[in-house]
Amino acid sequence: MAESDPTATIDRALADLRNGFLPRFQAASTEQALRDENAKILGKKGELTAILKQLGQAPPEGRKAIGEKVNALKQEVEAGFDKCLNDLRRKQREAELSAPPFDLTLPARMPVTAGHKHPIAMVREDVVAVFRQLGFAVFDGPEIEHEENNFTMLGFPPDHPATDMQDSFWTKSNKLLRTHTSNVQIRAMTSLKPPMAFIAPGTVFRRDDDATHSPMFHQIEAFLIDRNVTLAHLKGVLAEFANRLYGPGTPVRLRPSYFPFVEPGAEVDIGCVFCKQPDGTRAGCSLCKHTGWIEVLGCGMIHPVVLENCGIDPDEWSGFALGMGLERIAMLRYDIPNIKLMFDNDPRFLAQF
Ligand SMILES: [Zn+2]
């Protein structure tokens, strides 16, 4: 009575499974289908597990042999699964490699609209171009800076009101997000020997936030060190800068002002570009508050202490520095009422340039 012999039943089930699993694996056309098929056999509720559960019905003396057969079959199934998985992956890779390549030259389905540069980038490139024409080279510096390079070496004592004025973003390691591009002056002066003439465009950070101030904004700094450099050289560079950026004959005036790292220091106004008359006079307008002048930058002769701090003999060398906020230059040029518009990335705003 073979039908009622549990050992024979289990043997038959094992033989059926052994004959059947490989064709089932080979029929799977995807990795997921193959894994599903494998789970149907080896999973917790799988066919081999079900066979193993019948082991209790076999006579005790035959159970060990049956267990060994089950284990052997399990290993066969696992090996078969691995082989089929490798075959499947290899076929997929071969199909990918033999498929026609993507044609990157095909025209896009959607019409491609060309963008343009951001107003700040346009202004920066123009200012950099003017100074490059005047013989200045670009010098780069880090946005995360040591306190010494941002304040101390520039002549800011630790309790100087200017360091309060420029309330800053500090890191835990006594570094800060630079509050101006003047750190580049220090880096250039401590790493190179004069003479030198550099321009340093970059991003700077302060805790300011209103219609004309942003916590993140952009500056350009220019500085020149040589023998016998005087305020006359600074004025000459400023006049040429105004000529080239705002048009020939644009007048420039200096108003005395204070910055810790220059002596003397000055704010620089240019003749208002908005109310300029054909004869070169200014009629006055709301943008220049009816004065005919617009403030564009700060400048001065580099303080001898700053030169000394950087190991440059102030009796032999002198220099000037000037710095401007690019947002202000862009706001004046394009009549932009609020600095935030430049950082909102609203296409309705950006499309106007
Ligand atoms: Zn005006």
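Just so it is clear, none of the values below were taken in a lab; they were calculated from the coordinates. Computed from a prediction, not measured in an experiment: that's the story for all the values here. As a convention, Cβ positions derive from the backbone with ideal geometry for all residues, glycine included, and neighbour counts pool all protein chains shown.
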>> Below 8 Å between Cα atoms, with a sequence gap of 6+, how large is the relative contact order for the chain in percent?
In response: 14 percent
>> Within 13 Å, Cβ to Cβ, of residue 29, how many net charges do the neighbouring residues add up to if Lys/Arg are +1 and Asp/Glu are -1?
In response: 0
> For residue 289, which lysines qualify as cross-link partners when the Cα separation must be under 20 Å and same-chain residues fewer than eight apart are set aside?
Replying inline: 276
> Under the Kirkwood approximation for Rh and a Cα-based Rg, what ratio Rg/Rh is obtained for the stretch 155-293?
Replying inline: 1.01
>> What's the magnitude of the charge dipole for the stretch 1-115 around its Cα centre, counting Lys and Arg as +1 and Asp and Glu as -1 at the beta-carbon? Answer in Debye, nearest 20.
In response: 260 debye
> In deg cm²/dmol, rounded to 500, what helix-only [θ] at 222 nm does the chain give when every DSSP H run of at least 4 residues adds -39500 (n - 2.57) and the total is split over its residues?
Replying inline: -13000 deg cm²/dmol
> Dipole of the chain (Lys/Arg Cβ +1, Asp/Glu Cβ -1, origin at the Cα centre): which of 142, 293, 39 lies farthest to the positive side?
Replying inline: 39
>> How long are the semi-axes of the equivalent ellipsoid of the stretch 9-49, taking √(5λ) for every eigenvalue λ of the Cα gyration tensor, in whole Å from largest down?
In response: 20, 13, 4
> For all pairs of alpha-carbon atoms in the stretch 2-98, what percent lies in each bin of width 5 Å, listed from the first bin to the last filled one?
Replying inline: 2, 12, 22, 20, 15, 10, 8, 5, 3, 2, 1, 0
> How large is the dipole of the chain about the Cα centre if only Lys and Arg carry +1 and Asp and Glu carry -1, each at its Cβ, rounded to the nearest 20 debye?
Replying inline: 1040 debye
> Along the positive direction of the dipole of the stretch 239-321 (beta-carbon charges: Lys, Arg +1; Asp, Glu -1; about the Cα centre), which of 266, 239, 278 reaches farthest?
Replying inline: 278
> Which translational diffusion coefficient, to the nearest whole µm²/s, is obtained for the chain from the Stokes-Einstein equation, given a Kirkwood hydrodynamic radius over C-alpha pairs, 25 °C and 0.890 mPa s?
Replying inline: 91 µm²/s
> With a 10 Å Cβ neighbour count serving as the proxy for reagent exposure, in which order, fewest first, do 192, 234 appear?
Replying inline: 192, 234
>> Here is the link list: 45/91; 40/83; 172/340; 53/83. Which ones come out longer than 20 Å on Cα distance?
In response: 45/91; 172/340; 53/83
>> Just want to confirm a number: the relative contact order over the stretch 180-298, from Cα pairs under 8 angstrom separated by 6+ residues, in percent.
In response: 15 percent
> Taking the alpha carbon gyration tensor of the stretch 80-132, what are the square roots of 5 times its eigenvalues, largest first, to the nearest whole Å?
Replying inline: 52, 18, 10
